[in-house]
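Beneath this line is the structure, given in structure tokens, with notes to follow.
The values are calculated or read from the model by the stated rules, or taken from the named source; none is laboratory data. All of these numbers come straight from a predicted model, not from anything done at the bench. Cβ placement follows ideal geometry from the backbone for every residue including glycine, while neighbour counts extend to all protein chains displayed. Ligands, DNA and RNA are stripped out before the accessible areas are found, and what is left, the full protein with its side chains, is counted by its heavy atoms. Shrake-Rupley method; radii C 1.70, N 1.55, O 1.52, S 1.80 Å.
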Amino acid sequence: MNGLQKLLSQKKQRIADLNKTIDTLYNDFKVHDSIDINLELGAGHGHWLTSFSEKKEDELFLGIDLISKRVEKANQKIKKRNLENVLFLKAEAIELLQSLPSYISIKNCYIMYPDPWPKKRHHKRRLVNEYFLELLAFKCKNSSKLFFMTDHDQYFSWTKSKIHLSKFWSLVEGNWPHSEISYFQDLLPQNNFLIAEHHNS
């Protein structure tokens, strides 16, 4: 097995493990074999999503982050507040979307202050791109929404242009759904946000 094959094999195993974890966590929530979740990609310490989930007790929330300590702190918030409608996992965004069981649909997706990868040679690493928007759309229902916030003007313009070019999403007017200040928003108070709505292509 060469290096590339080994990396692909490891990724396949991570996705399989994540799928199993998600299936176990959400098994008790199944209603008519279907579940809608609100998903935050890059949830940090979970401050914003935890607060949002407290206001929406009849909805389910999932937050992911790549940093173990952030996920641990987020899960500590859940325990302290005795919340049962929000979960936090360590996962990468694309792998998470590829791992979601078929019975789970994304109601809304929230992305706040993702890494802008400002250098041009690194733009390919930005989360919002054509593949991401298509994959996310595949996991969403018609009229599901994508909420995006950043303090980086160029990344904001980049995201708007990608959505304009996408056959799966359209920009819509609206308000940010929850006014609680996030950890990163407190550090970076200057920001722009947009809302896109999923539609059948």
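Which whole-number value in Å² is the accessible area per residue of region 64-201, probe 1.4 Å? Walk me through the intermediate numbers first.
Numbers: 7740 Å² over 138 residues.
With all protein chains present, region 64-201 gives 56 Å² per residue.
Within region 58-84, list the residues whose amide N lies under 14 Å from a label point set 7 Å along Cα→Cβ of ASP115.
Answer for this model: 65-68.
Given the Cα-Cα distance of HIS122 and SER9 and 0.36 nm per residue of separation, how much length would full extension add, in nm? Kindly include the intermediate steps, with their values, before the conclusion.
Numbers: separation 113, 0.36 × 113 = 40.68 nm, distance 2.51 nm.
So the extension gain works out to 38.2 nm.
Just grab the label-to-label distance for THR24 and GLU72, each label 7 Å out from Cα along the Cβ direction, in nm (one decimal).
2.0
So for the chain: antiparallel DSSP bridges make up what percent, rounded to the nearest 5?
On the way: 11 of 34 bridges.
Taking every DSSP beta bridge with both residues in the chain, the antiparallel ones total about 30 percent.
Given a 1.4 Å probe and the protein chains all in place, what does the accessible area of HIS164 round to, in Å² to the nearest 10?
About 130 Å², ignoring ligands and nucleic acids.
Considering only protein heavy atoms and a 1.4 Å probe, what is the carbon-and-sulfur percentage of the accessible area of the chain? Don't skip to the end; give the middle numbers.
Numbers: 5710 of 11530 Å².
After summing per-atom areas, the C and S share lands at 50 percent.
Taking 0.36 nm per residue of sequence separation and subtracting the Cα-Cα distance, how much length would be gained by fully extending the chain between LEU171 and GLU134, in nm to one decimal? The partial results should precede the final answer.
Working: separation 37, 0.36 × 37 = 13.32 nm, distance 1.51 nm.
Difference between extended and current length: 11.8 nm.
Report the charge-dipole magnitude of the chain in Debye, nearest 20, computed about the Cα centre from +1 at each Lys and Arg Cβ and -1 at each Asp and Glu Cβ. Provide the component values of the computation, followed by the final result.
Numbers: 29 positive and 24 negative charges, 177 e Å.
Here the size comes out at about 840 debye.
Pick out, from LEU62, PRO101, ASN85, the residue whose Cα sits farthest towards the positive end of the charge dipole of region 45-131, with +1 on the Cβ of Lys and Arg and -1 on the Cβ of Asp and Glu.
Value: LEU62.
Say each of ASN142 and ASN192 gets a label point 7 Å from the Cα, pointing the same way as Cα to Cβ; how far apart are those two points in nm?
Once both label points are built, they end up 3.1 nm from each other.
Given the protein chains as shown and a 1.4 Å probe, how many square angstrom of LYS162 are accessible, to the nearest 10?
We get 40 Å² for LYS162.
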